[in-house]
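Reading through the structure tokens given below for one structure.
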Amino acid sequence: MNPAPPGRAGEIAAKVEAFVRNVVIPYEKDPRRDHHGAPTDELVAELKDLARHAGVLTPHILGEHGHLTQRETALVLQKTGLSPLGPAACNTAAPDEGNMYLLGKIGTDPIKQRFLTPLVEGRCRSAFFMSEPAVDGGAGSDPSMMKTTAVFEDGAWVIHGRKAFITGAQGAGVGIVMAKSDDGACLFIVDLPNAAIQIERIPNTIDSSMPGGHAVVRIDGLRVPSEQMLGKSGEGFQYAQIRLSPARLSHCMRWLGACLRAQEIAVAYANRREAFGKVLIEHEAVGFMLAENMIDLKQAELMIEWCADIIDTGSLATTESSMAKVAVSEALMRVADRCVQVMGGTGVSDDTIVEQVFREIRAFRIYDGPTEVHKWSLAKKIKRDWRASTQ
Ligand SMILES: Cc1cc2nc3c(=O)[nH]c(=O)nc-3n(C[C@H](O)[C@H](O)[C@H](O)COP(=O)(O)OP(=O)(O)OC[C@H]3O[C@@H](n4cnc5c(N)ncnc54)[C@H](O)[C@@H]3O)c2cc1C
């Protein structure tokens, strides 16, 4: 364990790290998993109780919903990520972390009391309903393709549509639903479960850390009172932007923690395992893989800190979070892949968490914007800036 940096975030991070290493990691072999390998709600509730007892539940949110800075959050969330079970245990997991952030920023007092408080206290989970099935031609990489509709009828908004890959929808207590009115995109907050929101199926996916999996959902005549619209009709994308950069970055923070742990495991393997008369780490190809990991991990950390500092200035940091998301997810993919390689057959087995980290990072290169979509939007900006500078 590294010595904690000074300050409140350092102290919180040290407590979280001790909790994750001493209490959460021993649960990694706990068999309470759903059909797609994610921890069951029973297991998560047990871990949350332990986190509450240890004073590390929702550690990034302070009393009265005050929040650590993004730079401080980076340190703390990285520690929760040291185990794939850590974010769920400490209540820093997606999509709850991003949803809590959004509600803390834009929720009215009654909304905060009704929906945010139970989330912060770890009494329920939440889901964010934006993406739609590709087979329907709905929103995916391009959110403007949204097909789910919201129509104001008889004093309430009525929502119809289908959603896909909705993390944690199964078992959630709070939902943030995006739909399109005549004015444009809208965000609604609703209690779950709701008879008008039906889980059609939960596909098996490559990853397995997120409780509830990633559901395909049918929304059929969901009625939402106007006071449960977040912002105004047509402002949904603007409001979603507030959540966008911090939520993207928090994935980077947690998965950096997971890859730091994978590297620890690979380093231990390479130092103990022998081949051709010496320990693996003394074979240059192996040593170089671990050295390249060290470099990628540090670059990922610095990219996260750079972007966090920009969000902390009050900027939406859309460009910077795109750059950070691409750089970090791609670097971590290389790290996870090298850890698997260094460990040979053990690396692809579930004897350690390394194979799970590899699978999780593979999915991370897609959600919160695939790499190509971020690069494409950065290229558009480069073109725009060049045109502006030459006029
Ligand atoms: C594990 C997981 C969890 C998720 N959780 C949620 C959730 O909780 N809530 C939610 O709303 N959504 C969620 N999503 C959905 C996620 O946001 C989408 O998968 C993502 O936006 C991509 O959309 P798509 O899958 O429809 O891919 P498509 O839009 O079909 O894109 C496929 C591929 O096309 C390429 N591509 C697309 N556009 C461009 C471009 N402009 N330039 C170059 N290449 C391009 C990219 O390589 C991309 O990967 C989750 C997804 C996953 C995998």
*Which number in (1) assigned to a helix (DSSP H, G or I); (2) in contact (Cβ under 8 Å) with a residue 12 or more places away in the chain; (3) over 24 Å from G81 (Cβ atoms) marks the one condition that Q238 misses?*
(2)
*Spot the failing condition for D136; the list is (1) over 24 Å from I25 (Cβ atoms); (2) within 16 Å of the ligand (Cβ to nearest atom); (3) crowded, with 20+ Cβ neighbours inside 10 Å, and only one is missed.*
(3)
*For segment 174-193, enumerate the residues that are surrounded by fewer than 16 Cβ atoms within 10 Å (Cβ to Cβ) and under 15 Å from F115 (Cα atoms).*
D191, P193
_Residue count for segment 87-140, restricted to those that are within 19 Å of K232 (Cα to Cα) and among the small types (G, A, S)_ = 2
*Sole residue being in contact (Cβ under 8 Å) with a residue 12 or more places away in the chain, on the phi > 0 side of the Ramachandran plot and out of contact with any strand residue (DSSP E or B) (no Cβ under 7 Å at 6 or more places or on another chain), chosen from G213, G277, G231, G257*: G213
_Residue identified as buried (at least 19 other Cβ atoms within 10 Å of the Cβ), among the hydroxyl-bearing types (S, T, Y) and touching a strand residue (DSSP E or B) at 6+ places or on another chain (Cβ under 7 Å) among Y239, Y269_ = Y239
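Would you please name the residue that is surrounded by the fewest Cβ atoms within 10 Å (Cβ to Cβ), looking only at residues in segment 309-363 that are basic (K, R) and either under 22 Å from H214 (Cβ atoms) or free of Cβ contacts under 8 Å to residues at least 12 places away in the same chain (or both)?
Per the stated criteria, the residue is R362.
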*Being in contact with a helix residue (DSSP H, G or I) (Cβ under 6 Å, 6 or more places away or on another chain), under 12 Å from G122 (Cβ atoms) and crowded, with 18+ Cβ neighbours inside 10 Å is the filter here, so list the residues in segment 12-53 that pass it.*
V44, L47, A51
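Every number here is computed from the coordinates shown, using simple stated rules; none is lab data. Note that this is a predicted model, so its numbers are computed, not measured. Cβ coordinates were reconstructed from backbone atoms using ideal geometry, including for glycine residues, and neighbour counts include every protein chain displayed.
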